[in-house]
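Q: This is the structure I want to talk about, given as structure tokens.
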Amino acid sequence: MVWALVANFGGLLVVAMLAIFGFAFWSASGNTIELLRDRAEATINQLQTRLREHLDQPAEELKLMAGEIASGRIAPERTAEFDAFLLGGLAGMPQLRVLSYMKPDLSARGAQRLPDGIAIGQADLSSFPNIAMLARQAWARRASGWTPPLYNPVIRETVIAAGQPVIRDGQVIGVLVAVVSTAELSRYVERIGRESNASIFILYGRDHVLAHAMMRGGRVSASAEEPLPTLARFGDPVLAALWNETHNRGRLFVARPPIENRTIDVNGEYFPFFYTELAGYSDKPLLIGAYTRSSDFSEIINRLVLALVAGGAAIVGAILMAILIGRRLARPVQRFSEAAALVGDLRVSEVQPLPRSRIRELDEQARAFNSMTGALRWFEAYVPKPLARHLLKSGDTRAVESELRNLTVMFTDIAGFSTASQQQDAAAVAAYLNRHFGIVNACIEAEGGIVDKYIGDSVMAFWGAPEKIKNRAERACRAALAIRAAIERDNAVCRAEGRKETRMRIGIHSGDATVGNIGSSSRINYTIIGDMVNVGQRIEQIGKVLAKAETVAILISESTRADLGPDFAPRSLGRHKLKGRVGDMEIFAL
């Protein structure tokens, strides 16, 4: 069957997958190249749009401010009012370094952004030829415009500036100047670069760097003679090789105009460049662009190769699948055997439901088995696991016949529960008891004890049956100490949540008792009976008097004390008379 499936199912699948993957690879390769081009062009277009918005805002704001001054609503002579006017304009344009107003005599009033705030003051700019040139150009054009990059000795940075003449009655009465530093512009393009995962640059012409992440701190040296660094001395070897034909490796793909692209090889690593012109902000067109490492693009290319490899692996997998399908026909039977083994060990909680099958007989088997395990989970909740395991292991009904044995019995009781429960509804009482019994039962079962029954808010448990245990008294006492620790931890949570804490008593006694099946033919219970059971319950009850101040009082009898080893140090509480008993008994606190 396995080899028949390989020859038929596997062969047909191989032919189909070869055809599908061949077409998919041819189609995906074309789509990938198109995707790379679209992503690169989208980056440049977004960069161009954001830079125009960044630089157009100051020019537009200067026109509005010039109108206010020309109309006389704002007068430079009213210094306090004019200073507030300049400060407001600078605050509204965070990209500006300086906003100033120059008069024809080249005296200026301006606001300057500093690292620790904004300063405003008066300056004589007649001794600065670059600034004088800006003013003369604005007056001559009688229109706004941007200057070429120039070194501003006042702020000691290279800047580009927008000038807006203020015209009143046909005369230029002053010029508003907005100054954008190359350091601020570099910080802006660096943020865009981080968003697009690319290195962004702006060139003045083709050979001078106007903005780049390396210039964000204004660390590149500049002077009035050379306000901008050239590509060669800028310090970015990748950007320096942009126009070097020895490093040019052609195009990864052809970009759509007006965007251009080329790939540069620097020390064996490829860097795709994408760039376009940005006109209208200087005497020369600005060249804006971005470059990335070839590894950024190779990741996409690698996906194509990976898809091809995955196709080959899928074909191999198809052949293996044909083999596995034959073997999987036997898996439902194997699952059934494994689940049945777990049920035989009474590990019903570990049994996972058998899955449905499209084969009718296997599906009916799975549904019947799942119904059986559901019933066994309820059985497991009502019958102590140690008892059930003992019965299954022995396989003999005589294993549960009544007999006299030396046992250790434990009784627990919640102090004041009857009074407290009268103030709560039935659901709250049940939830509290379930939580409490869960804590107590876990400690008892961890020490091999059998939880016999629940009596209201009390628990009765015993050690020594059905399996004989030599250190039954010690196990019972360890369980009691574990209950105390668990209740104290739970009380800490109750205190933090504002709920009432639990106080309880535990009584432990050792002695001979009858153990086995007790009941009628229709309903039996594996339990212990005898005088020692009553004594254990009386010891728990006397805790109301002898240890009423303790959170969890643990009292044991002298017979239990005699069975304990040196690890336990119970404290004698003296001899006391138990209710309904003749004579007295020495009681110990654990």
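Read-outs: derived from the displayed coordinates by stated rules, not from any lab. No experiment lies behind these values; they were computed from the predicted model shown. Note that each Cβ is placed from the backbone with ideal geometry, even for glycine, and that neighbours are counted across all protein chains shown.
Q: Considering only the other residues whose Cβ falls under 12 Å of the Cβ of ALA562, what net charge follows from Lys and Arg at +1 and Asp and Glu at -1?
A: The answer is -3.
Q: In addition: Express in whole angstrom the spacing between the alpha-carbon centres of the range 499-547 and the range 568-590.
A: Cα centroid to Cα centroid, the span is 16 Å.
Q: Along the Cα→Cβ direction, 7 angstrom out, place labels at ALA569 and CYS494. What is the inter-label distance in nm?
A: 2.9 nm
Q: Setting aside same-chain residues fewer than 8 positions from LYS63, which lysines have a Cα under 28 Å from its Cα?
A: LYS103, LYS284
Q: Here is a follow-up. Give, in nm to one decimal, the length gained when the segment between SER357 and ASN517 is fully stretched (0.36 nm per residue of separation minus the Cα-Cα distance).
A: Taking SER357 through ASN517 to full extension adds about 53.4 nm, to one decimal.
Q: Starting from the 7 Å offset along Cα-to-Cβ, what nm value, one decimal, do you get for the label separation of ASP38 and LYS103?
A: In this crude label model, ASP38 to LYS103 measures out at 6.0 nm.
Q: Please give the length that would be gained between LYS544 and ARG249 if that part of the chain were fully extended, namely 0.36 nm times their separation in residues minus their C-alpha to C-alpha distance (nm, one decimal).
A: So the chain would gain 96.8 nm between LYS544 and ARG249.
Q: If you don't mind, another one. Set the Förster radius R0 to 41 Å, insert the Cβ-Cβ distance between ILE524 and MET321 as r into 1/(1 + (r/R0)^6), and round the FRET efficiency to 0.05.
A: 0.15
Q: With 26 Å as the limit, write out which pairs from LYS468/LYS577; LYS453/LYS579; LYS470/LYS579; LYS468/LYS579; LYS548/LYS577; LYS500/LYS579 have Cα-Cα distances beyond it, or answer none.
A: Pairs exceeding the cut-off: LYS468/LYS577; LYS470/LYS579; LYS468/LYS579; LYS500/LYS579.
Q: Filter the trypsin sites (Lys or Arg not before Pro) in the range 533-590 down to the DSSP loop ones having no more than 13 other Cβ atoms within 10 Å, then list what survives.
A: Answer in residue order: LYS548, LYS579, ARG581.
Q: Sort ARG216, ARG39 so that the residue with the fewest other Cβ atoms within 10 Å of its own Cβ comes first and the one with the most comes last.
A: The most exposed by this proxy come first: ARG39, ARG216.
Q: Ok, one more. For ARG168 and GLU269, compute 0.36 nm times the residue count separating them, minus their Cα-Cα distance, and round to one decimal in nm.
A: 30.4 nm
Q: I want to check the label-to-label distance for LYS579 and ALA426. Put each point 7 Å from Cα in the C-beta direction and report it in nm to one decimal.
A: 2.8 nm
Q: Let me ask something else about it. What FRET efficiency comes out for ARG367 versus ASP207 if R0 is 60 angstrom and r is the Cβ-Cβ distance? Round to the nearest 0.05.
A: With R0 = 60 Å, the Cβ-Cβ based efficiency is 0.15.
Q: Also, quick follow-up: Taking only C-alpha pairs under 8 Å that are 6+ residues apart, what is the relative contact order of the range 394-589 in percent?
A: 24 percent
Q: Continuing with the same structure: Quick check on the exposure proxy: order THR502, THR246, THR551 from fewest to most C-beta atoms within 10 angstrom.
A: Ranked by crowding around the Cβ, least crowded first: THR246, THR551, THR502.
Q: Quick one: which residues, 5+ away or cross-chain, put their amide H under 5 Å from the amide H of SER402? H built at 1.01 Å from N.
A: ASN517
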